[in-house]
Amino acid sequence: MTHHTSRRQMLWAMLGAWIVALTVGACSQAPAAPAPTTAPAAPTTAPAAPTTAPAAPTTAPAAPQGASIKIGCSLPLTGAFADTGVWVQRGYEQWAEDVNAAGGLLGRPVELTIYDDESKTENAVNLLNRVISVDQADLLCGGYPGTAAAAQMAVAEKNQKVYVSMGGHMASFSQGFTYVFGAPPLMGQWWYEGLYGWLASLPEAERPKKAAIFTINNPVGAAILEPMPEELSALNIEIVVNERYDVPLTDAAPLVTKAKGAEADIFFANGFFPDSVQIVKAMRALDYNPRLIAQGVGSIIPAWVQELGADGYYVFSGTAVHPSLPFEGISRLNDVASTKYNAPVAPIYFIFGYAWMQALQRGVEGAQTLDQTAIRDWLKANQISTVAGTFTFDERGLPPSYNYLTQVIDGKVELIWPPDVRTKDPIYPKPAWGQ
């Protein structure tokens with residue numbers, strides 16, 4: 001399965017992160033910027049060879065020549081979203097290393113500059129303005145999470161700069177912007193589509209009956225929550241608790257107590273890593289063990305199991321990429337992640353970062369220019385392939401909707417749905433704590 005149009009037939013119309021009110025001024029003055037990180041012009045050591053590598057070329061690629069192509073952005077390298085942001089950064093930097101080792105982009109070396117926006121949307125906007133107006137970058141890379149990406153999309157559009165990222169959920173792609181692309185997007189509205197499909201495949205008697213939903217009180221959570229009442233109703237699952245919470249979350253126990261008291265047998269933690277870790281710890285402490293736990297963004301990053309251990313097992317989530325999917329380049333990224341970061345497979349946001357840069361690369365190489373309008377028009381008119389799969393884009397810059405269901409099993413994020421990409425059978429109902 002290489003085309004997302006075929007996935008759409010299997011995964012229905014659907015999938016972090018994220019709606020914001022795109023009113024942030026694109027001309028905000030940049031603060032004194034933190035020191036950026038800059039990818040090296042060439043790798044110092046070659047990454048491990050892919051397990052299914054093509055035959056070695058008879059001649060080495062020509063070294064990139066001429067002035068560097070400057071690429072800039074900001075990411076949350078500190079603060080609340082840093083656990084994920086650093087993996088996006090590593091994906092970007094791996095892409096730059098690989099491109100330079102292969103002869104550059106349009107024959108020129110790429111130079112990647114990434115500022116730390118400290119997980120603050122205002123900083124993300126100001127720093128992207130700096131990248132454009134002060135650094136005069138030739139190309140932009142995308143921000144994270146969806147709140148930052150959505151705000152930056154307005155800046156990129158005003159400056160007529162191609163912006164490839166996760167996007168900021170459906171609202172951010174409904175502004176009439178033409179220079180933005182989700183390749184792939186993290187669409188809150190699509191996030192649990194794999195879960196809904198898998199639950200629909202179960203006999204109704206085996207499905208959960210009562211749902212407790214706790215959603216982070218921000219645009220990310222709002223996007224995830226938006227389709228849930230209708231989807232759960234179609235599955236004959238009654239919503240018995242549906243509440244928002246603010247972050248930082250001071251105490252998760254009241255949320256868990258409310259769900260336990262309502263006898264909810266499916267629990268949705270629609271949030272990020274720090275708050276969802278708190279919630280799971282409270283569930284264990286209060287011995288609340290629903291049949292199914294579903295989580296938003298945090299459970300598919302390595303830090304989830306590092307922090308929670310076996311208490312983080314059996315949690316379901318969603319993703320648009322995965323290290324077990326059969327797309328060109330995935331096997332090699334798994335090897336690179338093992339060699340560089342001692343990771344058993346490529347972390348999901350490492351793959352996301354790499355894929356977003358590949359999509360930008362395809363546009364530049366297809367258009368054979370750094371002209372932003374030419375790159376945009378080429379991407380809108382052509383199909384591209386990346387480590388995330390094969391995409392075409394509609395007028396909004398979105399591929400057809402799709403999503404995969406994941407579950408943490410024995411410390412690994414396994415693919416559960418659809419069946420043709422499954423890496424493990426799901427474990428359901430959830431075992432008791434400690435088992």
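The values are calculated or read from the model by the stated rules, or taken from the named source; none is laboratory data. In this text, all values refer to a predicted model and were calculated from it rather than measured experimentally. We place every Cβ from the backbone using ideal geometry, glycine too, and count neighbours over all the protein chains shown.
Output yes when any residue across the stretch 395-406 is assigned to a loop (DSSP other than H, G, I, E, B) and β-branched (Val, Ile, Thr), and no when none is. Can you show your working first?
To start, the set of residues in the stretch 395-406 that are assigned to a loop (DSSP other than H, G, I, E, B) comprises 395-403.
Add one more test, that the residue is β-branched (Val, Ile, Thr), and what stays is none.
The answer is no, given that none of the residues of the stretch 395-406 is assigned to a loop (DSSP other than H, G, I, E, B) and β-branched (Val, Ile, Thr).
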Condition check: at pLDDT 95 or above, among the small types (Gly, Ala, Ser) and either in the same structural domain as LYS412 (by TED's automatic domain parsing) or not in a loop (DSSP other than H, G, I, E, B) (or both). Does ALA346 satisfy that? no
Note down all Cβ pairs under 7 Å where the first residue falls in the stretch 354-370 and is closer than 18 Å to ALA156 by Cα, the second is in a helix (DSSP H, G or I), and they're at least six residues apart or on different chains. MET357/TYR92; MET357/TRP95; GLN361/VAL99; GLY363/ILE375; GLY363/TRP378; GLY363/LEU379; VAL364/ILE375; LEU370/VAL364
What is the number of the single condition among (1) in contact with a Leu (Cβ under 8 Å, 6 or more places away or on another chain); (2) surrounded by fewer than 24 Cβ atoms within 10 Å (Cβ to Cβ) that GLN89 does not meet? (2)
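Is it the case that some residue within the stretch 114-133 is under 16 Å from the mean Cα position of the chain (by Cα) and either at pLDDT below 95 or not assigned by TED's automatic domain parsing to the domain that holds VAL408 (or both)?
Scanning the stretch 114-133, I find at least one residue that is under 16 Å from the mean Cα position of the chain (by Cα) and either at pLDDT below 95 or not assigned by TED's automatic domain parsing to the domain that holds VAL408 (or both), so the answer is yes.
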